[in-house]
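The values are calculated or read from the model by the stated rules, or taken from the named source; none is laboratory data. Predicted model, so just to flag it, every value in this text is computed and none were measured. Because the Cβ atoms are built from the backbone with ideal geometry, glycine has one as well, and the counts that use them run over all protein chains shown.
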Amino acid sequence: MGAAETRSREYPVRVIYLGGLGRSGSTLLERLLGELPGVSAAGEIVHLWQRGVAENERCGCGLDFSACDFWKQVGKEAFGGWDKIDTGQIGRLKDAVDRTRQIPRLSQRNSRPGFASELSEYSGFYLRVYRAIADVSGCDALVDSSKHASLAFCLSGRQEIDLRVIHVVRDSRAVAYSWTTTVARPEASGSGQQSPGSYMTTYSPAKAAGHWNAQNAALQWLARRGTPVLRVRYEDLVAATEQTLRRAATFAGLPAGELTLPFLHADGDEPYAELTTAHTASGNPMRFTTGRLPIRGDERWRSSMPDEQRRVVTALTFPLLRRYGYLGRAA
Ligand SMILES: [Zn+2]
């Protein structure tokens, strides 16, 4: 074992993992956390291998993945260059271990040896990238906004990773409404034609409700198994941004008491953040925003969501909606 490996074992790499179903506001939280001193926002590392390394989609800085110096250095440090890894193999490992349906197995301490070695190989790729991001950025903590609960379970078994999960929740009706609408992905080439990959995925309201239940329940389970998990409501992040960020920073082990948040401003009663460039590997189109970003909740679902859809989603997600305080009093 080399000296570097010994050292990293003594000092695990601190990863602030944003978990929850997509369209829950995790990109806003990631961008705000990324403005804190000592924090590097890395995007959705789960998609780094395919969309970044294999398909050369754009980094949050606007350059192609292969042209971005930050990621070039990370690849060199982690693997001796991105051309040294087989993204197909990482994809096969992902299919084997990093699936929602594998969560029961991931939560067992003693799974069958074959599964355990695939899991170790798979999470090892993340570990090396995380360490390299920490080294290249010089930051104490990095944000991985991959969101999937299954990946958080995959990472939770590794001693070398100081994993702190921020479980981002948002009203299921707002999330389901968002999943029914189409959003273009600016990473993909802009021919204006609908082709695979040029728009973000859409779900029916019932399907979105099912995913919302599964991801949220899984993250609660992760917390019960001993991984540090902080639940943050998107609505609170928008309504009380500074307070919510300080809570998240404290949870992540950052010196929140001394933190100044000079990137938060208000124009009259319109709060906004002033964002710098972030080298994010993949994620929501908001990752490309620099400069002024208005902080306001998207409440379109309240007026635009058909009643029938709203009833279906409310019924299907009722227990957790109530638990998270979206139906009057929190349970
Ligand atoms: Zn970049």
**Message:** I want to confirm something. Restricting to the range 61-114 and keeping residues that are of a type in the set (Gly, Ala, Ser) and within 16 Å of the ligand (Cβ to nearest atom), which single residue is nearest to Phe288 (Cα to Cα)?
**Reply:** Gly62
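Which of the following residues is under 30 Å from Ala217 (Cβ atoms) and of a type outside the set (Ser, Thr, Tyr): Ala96, Ala54, Ala78? Talk me through it step by step, then tell me what you get.
Numbers: Ala54 fails: under 30 Å from Ala217 (Cβ atoms); Ala78 fails: under 30 Å from Ala217 (Cβ atoms).
Criteria check complete, one pass: Ala96.
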**Asked** How about the range 42-60: which of its residues are of a type in the set (Gly, Ala, Ser) and within 11 Å of the ligand (Cβ to nearest atom)?
**Response** Ala42, Gly43, Gly52, Gly60
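Regarding the range 289-296, can at least one residue be identified that is farther than 30 Å from Pro104 by Cα, within 16 Å of the ligand (Cβ to nearest atom) and without any contact (Cβ under 8 Å) to a residue 60 or more places away in the chain? Full working, then the answer.
To start, the set of residues in the range 289-296 that are farther than 30 Å from Pro104 by Cα comprises 289-296.
Those still in the list that are within 16 Å of the ligand (Cβ to nearest atom) too: 289-290.
So of that shortlist, the ones also without any contact (Cβ under 8 Å) to a residue 60 or more places away in the chain come out as 290.
So far as the range 289-296 goes, yes, one or more of its residues are farther than 30 Å from Pro104 by Cα, within 16 Å of the ligand (Cβ to nearest atom) and without any contact (Cβ under 8 Å) to a residue 60 or more places away in the chain.
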**Prompt:** Asp135 passes all but one of (1) surrounded by 20 or more Cβ atoms within 10 Å (Cβ to Cβ); (2) within 19 Å of Ala252 (Cβ to Cβ); (3) touching an Asp or Glu at 6+ places or on another chain (Cβ under 9 Å); (4) of a type outside the set (Gly, Ala, Ser); which number fails?
**Reply:** (1)
**Message:** For the range 237-313, give me every one of the strands (runs of 3 or more DSSP E) that falls completely inside it and has 2 or more residues that are aliphatic (A, V, I, L, M).
**Reply:** 264-267, 270-275
**Request:** Kindly list, by first and then second residue, each pair from a residue in the range 252-279 that is within 16 Å of the ligand (Cβ to nearest atom) to a residue that is among the β-branched types (Val, Ile, Thr), limited to pairs with Cβ atoms under 7 Å and residues at least 6 apart or on different chains.
**Result:** Leu275/Thr289; Leu275/Thr290; Thr276/Thr290; Thr277/Thr290
**Message:** Being away from the ligand (no atom under 16 Å from the Cβ), over 29 Å from Ala176 (Cα atoms) and free of Cβ contacts under 8 Å to residues at least 60 places away in the same chain is the requirement here; does Thr244 meet it?
**Reply:** no
**Filtered residue count, the range 230-253, keeping only those that are of a type in the set (A, V, I, L, M), crowded, with 18+ Cβ neighbours inside 10 Å and closer than 11 Å to Ile295 by Cα** = 2
**Asked** Can you find even one residue in the range 61-68 that is surrounded by fewer than 16 Cβ atoms within 10 Å (Cβ to Cβ) and in contact with a strand residue (DSSP E or B) (Cβ under 7 Å, 6 or more places away or on another chain)?
**Response** yes
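If the requirement is being under 27 Å from Ala149 (Cβ atoms), modelled with pLDDT of 95 or more, crowded, with 24+ Cβ neighbours inside 10 Å and among the charged types (D, E, K, R), which of these qualifies: Glu57, Glu30? Lay out the reasoning, then the answer.
Values: Glu57 fails: crowded, with 24+ Cβ neighbours inside 10 Å.
Being under 27 Å from Ala149 (Cβ atoms), modelled with pLDDT of 95 or more, crowded, with 24+ Cβ neighbours inside 10 Å and among the charged types (D, E, K, R) holds for just one of Glu57, Glu30, which is Glu30.
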